[in-house]
Every structure is written in structure tokens, then in C-alpha cells.
1. Given the Cα-Cα distance of Gln81 and Arg30 and 0.36 nm per residue of separation, how much length would full extension add, in nm?
2. Using heavy-atom solvent-accessible surface (probe 1.4 Å) with all chains present, what is the largest-first order of Met31, Met82?
3. What list of ³J(HN,Hα) couplings, whole Hz, do you get for segment 69-80 from phi and the Karplus terms 6.51, -1.76, 1.60, once you set θ to phi - 60° and write x for glycine and proline?
4. For Ile101 and Ala23 in one chain, what is 0.36 nm times their gap in residues minus the Cα-Cα distance, to one decimal in nm?
5. How do Asp72, Asp61, Asp89 rank by accessible surface area computed with a 1.4 Å probe, from largest to smallest?
6. Could you work out what % of the accessible surface of the chain is carbon and sulfur, using a 1.4 angstrom probe and leaving DNA, RNA and ligands out of the count?
7. With every protein chain present, what is the per residue accessible area of the chain (1.4 Å probe, Å²)?
8. Can you give me the distance in nm between label points at Gln13 and Ser114, each placed 7 Å from the Cα along the Cα-to-Cβ direction?
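The values are calculated or read from the model by the stated rules, or taken from the named source; none is laboratory data. All values derive from a computational prediction rather than experimental measurement. Glycine gets a Cβ as well: all are built from the backbone with ideal geometry, and neighbour counts include every protein chain shown. In case anyone asks, the SASA skips ligands and DNA or RNA and just uses the protein heavy atoms, side chains included. Shrake-Rupley method; radii C 1.70, N 1.55, O 1.52, S 1.80 Å.
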Amino acid sequence: QVQLVESGGGLVQPGGSLRLSCAASGIIFRMYPMGWYRQAPGEQRELVASVTQGGNTAYTDSVKGRFTISRDNAKKTVTLQMNNLKPEDTAVYYCNGASVIWAWGQGTQVTVSS
């Protein structure tokens, strides 16, 4: 079955950086656009960044210029480099397909606080 395992979260001060990774298994990874989502307490889950099979990227306005999504089709991984983090970026971050949604993984907690 499909398995998505996120890692790399943690506690960071405002202005800091984190790099999230997601390892996928059970899918023909190269065939699917992938995305990073986040869910803050009391909020709905939102798509923050996506990358197509060919590497084209898109971002929600609040993270443009600060986050970078990338993928490695050979390793079946998708990463999210997050720079200049803000307290409002605090959330649990998940990866999943950007056009097809599989079972959600556990996510990785990102907390931005001084």
C-alpha cells in the first residue's frame, strides 16, 4: 500500500530554516505531482507547495519566496526547504499527491517560536 513518511520538523526561532523530507513507497512516484500540506491547530489542511512530475513548482502566496519544493524521482522523495520561518508557519506538515490523495502519513511538527 501507499506509505508517506515525513521527517525534519522541529522547533525553530523566527527567521530560522528547516528542511522537511518525505519518503514515498507503494506508488510509481515519477508519475504523480506531489505536494506539501500543512494544518495548524483549529485550521483546515492547506496545500502550500506542489511540484509536477517534471519539476515545475507552485506555492501558496504566504510562502512564496521563502519555501522551495523539490523532488528526486530516483529516490522517491520530496523535500521542502523552508527559510525565514514565521510564527504563522507553525503547523503539522504532510506530504501527499497534488492531484491524487492517498492515506495521510503522521506528518512532522514545525513550531516557530522565540
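1. Extending this stretch completely gives an extra 16.3 nm.
2. On the way: Met31 105, Met82 0 Å².
Largest to smallest exposure gives the sequence Met31, Met82.
3. 9, 8, 9, 10, 5, 5, 8, 6, 10, 10, 10, 10
4. Working: separation 78, 0.36 × 78 = 28.08 nm, distance 1.52 nm.
Here the segment from Ile101 to Ala23 would lengthen by 26.6 nm.
5. Details: Asp72 55, Asp61 115, Asp89 0 Å².
The ranking, largest first, comes out as Asp61, Asp72, Asp89.
6. Working: 2820 of 6000 Å².
So the carbon and sulfur contribution to the accessible surface is 47 percent.
7. Values: 6000 Å² over 114 residues.
It amounts to 53 Å² per residue over the chain.
8. Each label point lies 7 Å from its Cα, and together they span 0.9 nm.
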